[in-house]
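Coordinate-derived values only; no laboratory data. Fair warning: this is a prediction, and the values are worked out from it, not measured in the lab. Neighbour counts run over all protein chains shown; Cβ positions are idealised from the backbone, glycine included.
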Amino acid sequence: MNYEAPTTVDEALGLLSEHGDSAKVLAGGQSLLIMIREGLVHADALIGLRGIDELRELETNGSARIGAMVTHARVEHDPAIRRSWPLVATAEAAVSTTQIRNRGTLCGSVAHAFPTADVPAALVASDASVELRSRSGGTREVPAEEFFVGMFRTKAGPEDLVTAVKLPAQPDGARTAYVKYAMRPLDFAIVGVAVRVVLADDGSIADARIALNGAASRTLRATDAEQVLAGEQPSAELFARAGAAAAKQSQPLADIDGSAEYKRRVCGVYTTRALALAMG
């Protein structure tokens, strides 16, 4: 394996174009290096992003742009993110350990596309988008809701580099929460639920976005649960019905953490809890 150390995005894109599927991109390395060590991933070239200064930028001015080398910890503690995108900050705080958050990157987690990672659900619920660049296709943005297509699979092609995640301004008065069920706080979520709720002047639910980690082979937007909430007055009974709708829509995978039916039930319970937490 050759280690490539580009110092500009254009140089990195050239290397991706040259190597294609035989290359892997290294940001924080908190997932990729483990998979290489265990023999699950093989690459002829490892393209490290550490030397590309522009990918370390975190810009907040109405909207936010989080570069590919910005760590989980930096996003978690950034005052503007905590103030204007608290759902993302909360999900970042749920990522594994302090050491992992200090090394791993938000964009790296997005590109890795593990279905039980914490951050993707918060991005989908926040209406975020993923910025991709390639030598042949230039720069384009893909909504986070569409970016994740399966386990370790995204809309990014072999020559695409995830250069940033973009967060739009959130609705005034948005109420948010992220909750996860895991054996230990440092583990990947068995199920994670991110919610964003906006109330109308009469107190009814004007808009709701709910996204689930661990509910399918990809991050899943719980549109059926959102429809249950639309136009209704918040109540424990309403949240329970929304949770049941989320559970019914979910398609979890059976594994060592539990059966599909068990995880489906957890999806319902934790959606109900997330809504109650968001609404105080």
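For the stretch 2-167, the calculated P(r), taken from all Cα-Cα distances in 10 Å bins from zero up to the bin holding the longest distance, is 11, 43, 37, 9, 0 percent. Using the Cβ-Cβ distance between GLN227 and SER259 with R0 set to 25 Å, the FRET efficiency works out to roughly 0.40. Taking each DSSP H run with n ≥ 4 as -39500 (n - 2.57) and averaging over every residue of the chain yields -10000 deg cm²/dmol at 222 nm. What the phi angles of the stretch 266-271 give under the Karplus curve with 6.51, -1.76 and 1.60, with θ = phi - 60°, is a coupling list of 5, 4, x, 5, 6, 5 Hz, glycine and proline written as x.
Checking a compactness column here: for the stretch 171-280, what do you get for Rg(Cα) / (2.2 N^0.38 Å), N being the number of residues? Kindly include the intermediate steps, with their values, before the conclusion.
Details: Rg = 13.5 Å, N = 110, 2.2 N^0.38 = 13.1 Å.
Compared with the compact-globule rule of thumb, the stretch 171-280 sits at 1.03.
For the chain, the tally of Lys pairs with Cα-Cα distances below 27 Å comes to 10, considering only residues 8 or more apart or on different chains. When +1 charges are put on Lys and Arg Cβ atoms and -1 charges on Asp and Glu Cβ atoms, the dipole computed for the chain relative to its Cα centre reaches about 680 debye.
Evaluate the chain: find the radius of gyration of its Cα atoms, find its Kirkwood radius, and give the ratio Rg to Rh.
On the way: Rg = 18.7 Å, Rh = 19.0 Å.
Here Rg/Rh amounts to 0.98.
Spin-label model, HIS77 to ASP207: label points 7 Å out along the Cα-to-beta-carbon direction sit 3.2 nm apart.
Based on the alpha carbons, how large is the Rg to Rh ratio for the stretch 107-174 when Rh follows Kirkwood? Before the final figure, lay out the partial values.
Working: Rg = 12.1 Å, Rh = 12.3 Å.
Dividing the radius of gyration by the Kirkwood radius yields 0.98.
Close amide H pairs (under 5 Å, H built 1.01 Å from N) link ARG221 with LEU212, residues at least 5 positions away or on another chain. Note the full-extension length gain between ASP44 and ILE100 as 0.36 nm times their separation in residues minus their Cα-Cα distance, in nm to one decimal. Fully extending the segment from ASP44 to ILE100 adds 17.6 nm. Taking a virtual spin label 7 Å from the Cα of ALA236 along the C-beta vector, which residues in the stretch 244-280 bring their backbone nitrogen under 19 Å of it? Flagged as within label range: 244-245, 268-280. With R₀ set to 30 Å, the beta-carbon distance separating ASN61 from SER136 gives a calculated FRET efficiency near 0.45.
Filter the GluC sites (Glu not before Pro) in the stretch 25-60 down to the DSSP loop ones having no more than 11 other Cβ atoms within 10 Å, then list what survives. Please report the intermediate quantities before stating the final value.
Numbers: sites: GLU38, GLU54, GLU57, GLU59; in loops: GLU38, GLU57.
Answer by residue number: GLU38.
In terms of surrounding Cβ atoms within a 10 Å radius of their Cβ, LYS180, LYS24, LYS155 rank from fewest to most as LYS155, LYS24, LYS180. Evaluating 6.51 cos²θ - 1.76 cosθ + 1.60 at θ = phi - 60° for every residue in the stretch 113-126, the Karplus couplings come out as 6, 7, x, 10, 5, 6, 5, x, 4, 5, 5, 5, 5, 8 Hz, glycine and proline recorded as x. To test your reading of the geometry: what angle, between 0 and 90 degrees and rounded to tens, separates the Cα axis of helix 9-19 from the longest principal axis of the chain? Helix 9-19 sits at roughly 80 degrees to that axis. Cβ crowding within 10 Å, taken as a proxy for footprinting-reagent exposure, orders GLU226, GLU146 from fewest neighbours to most as GLU146, GLU226.
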